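Structure record follows, encoded as structure tokens.
The values are calculated or read from the model by the stated rules, or taken from the named source; none is laboratory data. As the structure is a prediction and not an experimental result, all values here were calculated from the model. Cβ atoms come from the backbone with ideal geometry, glycine included; neighbour counts cover every protein chain shown. Accessible surface is based on the protein model in full, side chains and every heavy atom, while ligands, DNA and RNA are left aside. Shrake-Rupley method; radii C 1.70, N 1.55, O 1.52, S 1.80 Å.
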Amino acid sequence: MNFHDSEKLSAMLQQMGYLETENKADAELIIINTCCVRENAELKVYGNLGELKRMKQKNPDLLLAICGCMMQQKHVVEKIQKSYPFVDLVFGTHNLHRFPELLNNAYQMEGLLVEVWDHEEDIQEDLPVQRKFSTKAFVNIMYGCNNFCSYCIVPYTRGRERSREPEKILEEVKELAQAGTLEVTLLGQNVNSYGKTLEETMDFADLLNQINEIPGLQRIRFMTSHPADFSEKLMNAMANLQKVSPHIHLPVQAGSNRILKDMNRKYSREQYLEKISLLKSKISGIAISTDIIVGFPGETEEDFQDTLDLIRQVEYDSAFTFLYSIRTGTPAANMEKQVPERDKMNRFNRLVDLINEIGLKKNLDLIGTTVPVLVEGVSKNNPNRLTGRTDTHKLVNFDGQESHIGTIVPVTITEAKTFSLLGTLHK
Ligand code: 5AD
Ligand code: SF4
């Protein structure tokens, strides 16, 4: 979400005549687009501000702006006003489209300009986007979240759920496909509840059906899905629509029913596992990834064992793993029995070991198979190799020619690592 917001900011800057610098020290304008989901990301921002203060002292003409969902929190803006008064402009997520005007205003005034809107407005269409990749693109289909998971700050900073009009989404994807984009990732905090705020009767499976028809487009991906809203109709759409990738990112967060209830996740481990087995029966070879939080308040070793057990049953291809982080203003922040850091770290390490072990095993199973790879570019670690992704979103490095970039080619897998695969072009 933030990455895609940055693509919009880049495009607005480009329209204003700005050029991107390779080197931070050459910049006349620096914008930090923040995330507030976990404390670590917030701490990084304050760390960066220390460095930027020194840059600003050397070059008083440097303009500093901070935006993103961290700014949607009052206490953060107050902290910046008090402790980082050298910042020139602060704005939030709901008024991103006002950035060009705010930037002009910031240039014309002394001191810090703050404009953060408490509430979301109607969806802003027609914002420019400067796409960072030519083969794949992100497309927002909805904004905000109504779920209020007890640990999560997003509903407070991104506002209530709003779906984009399907015509606008289709128009954007068609334009992308015509310009050569092969893969789109449809974005929303909970794509499974797409359509609820629309006047017409339409859900996410219907939207996938229509996007699947767009000529030129090869792959459709989406994130994130909430397990409670993940319907059989959607599973059938995934199974039947040829362009929809056989991959699902389905955050489970925890494997213990008690913790899931306290998290306000609205499903039990049994319901989650049932959906996974139905999905596996409908789409053979489907890749499954997830998000897991360890150390949620009140989590015992037994609860944690339930999480490990669920991971073994699902056999995830990969997972994003997080240490629970207190977010001021969320219900979980005030829960008793916060888990000591030492226990959290200890569980986290065991969790990562298991995830990696299963991820490697699943990758090893692919050796000898031939898979379609969307070639994204030259490998960062080895300039003689190309890099791309399978339709299950696995990273593959292989020997190929530059002319393969931007196409889908068959690659035979020869070697497997925990986070990537090695292969040769299938002739
Ligand atoms: N602490 C740790 N992880 C969190 N996430 C969201 N809020 C928190 C928090 N307070 C994780 C969830 C979510 C992912 C985007 O971030 O796993 O799915
Ligand atoms: Fe946060 Fe839950 Fe909404 Fe995801 S579904 S954004 S975790 S409140």
note = Note on Ala239: of the conditions (1) more than 18 Å from His393 (Cβ to Cβ); (2) over 21 Å from the mean Cα position of the chain (by Cα), unmet is (1)
ask   = Of all residues in the stretch 274-319 being small (Gly, Ala, Ser) and open to solvent by less than 60 Å² (accessible area, probe 1.4 Å), which is farthest from ligand 2 (Cβ to nearest atom)?
value = Ala287
request  = Write out, first by first residue and then by second, each pair whose Cβ atoms fall under 8 Å of each other, whose residues are 6+ apart or on separate chains, and whose first residue, in the stretch 296-314, is in contact (Cβ under 8 Å) with a residue 40 or more places away in the chain while the second is part of a helix (DSSP H, G or I) and of a type in the set (S, T, N, Q).
outcome  = Asp306/Asn257
Within the stretch 301-415, strands (runs of 3 or more DSSP E) holding 2 or more residues that are closer than 20 Å to Leu250 by Cα = 318-323, 386-390
query = From the list Asp262, Asp229, which one is within 16 Å of ligand 1 (Cβ to nearest atom), among the acidic types (Asp, Glu), at pLDDT 95 or above and outside the structural domain of Val37 (by TED's automatic domain parsing)?
reply = Asp262
request  = Hey, could you check the stretch 254-300 for residues that are among the β-branched types (Val, Ile, Thr) and within 28 Å of Lys394 (Cα to Cα) and say which is nearest to the chain's Cα centre (by Cα)?
outcome  = Thr290
query = Of the residues in the stretch 5-15, how many are among the hydrophobic types (A, V, I, L, M, F, W, C) and either open to solvent by 70 Å² or more (accessible area, probe 1.4 Å) or touching a Lys or Arg at 6+ places or on another chain (Cβ under 9 Å) (or both)?
reply = 1
inquiry  = I want to confirm something. Restricting to the stretch 3-41 and keeping residues that are within 16 Å of ligand 2 (Cβ to nearest atom) and of a type in the set (Asp, Glu), which single residue is farthest from Ile293 (Cα to Cα)?
reply    = Asp5
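The rows are residues; the columns are (1) within 16 Å of ligand 1 (Cβ to nearest atom); (2) in the same structural domain as Pro297 (by TED's automatic domain parsing); (3) closer than 28 Å to Gln253 by Cα.
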position	(1), (2), (3)
His94	no, no, yes
His97	no, no, no
Ala106	no, no, no
Glu110	no, no, no
Ile123	no, no, no
Ser150	yes, yes, yes
Tyr156	yes, yes, yes
Ser163	no, yes, yes
Glu172	no, yes, no
message = For the stretch 324-337, which positions are within 12 Å of ligand 1 (Cβ to nearest atom) and either more than 26 Å from Gln271 (Cβ to Cβ) or surrounded by 18 or more Cβ atoms within 10 Å (Cβ to Cβ) (or both)?
response = Tyr324, Ser325, Ile326, Arg327, Thr328, Gly329, Thr330, Ala332, Ala333
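Table: residues versus (1) assigned to a helix (DSSP H, G or I); (2) open to solvent by 10 Å² or more (accessible area, probe 1.4 Å).
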position: Asn33; (1), (2): no, yes
position: Leu64; (1), (2): no, no
position: His75; (1), (2): yes, yes
position: Gln81; (1), (2): yes, yes
position: Pro100; (1), (2): yes, yes
position: Ala106; (1), (2): yes, no
position: Pro128; (1), (2): no, yes
position: Lys132; (1), (2): no, yes
Scan of the stretch 134-187 for residues that are surrounded by fewer than 17 Cβ atoms within 10 Å (Cβ to Cβ) and of a type in the set (A, V, I, L, M), ordered by number = Leu170, Ala179
ask   = Is it the case that Thr201 is outside the structural domain of Ala11 (by TED's automatic domain parsing), crowded, with 21+ Cβ neighbours inside 10 Å and part of a loop (DSSP other than H, G, I, E, B)?
value = no
key: Residues satisfying the stated conditions in the stretch 35-62, i.e. buried (at least 17 other Cβ atoms within 10 Å of the Cβ) and either of a type in the set (Gly, Ala, Ser) or in a helix (DSSP H, G or I) (or both)   = Glu42, Val45, Leu49, Leu52, Lys56
note = The lone condition Val87 fails out of (1) open to solvent by less than 50 Å² (accessible area, probe 1.4 Å); (2) more than 16 Å from ligand 1 (Cβ to nearest atom); (3) not in a loop (DSSP other than H, G, I, E, B) is (3)
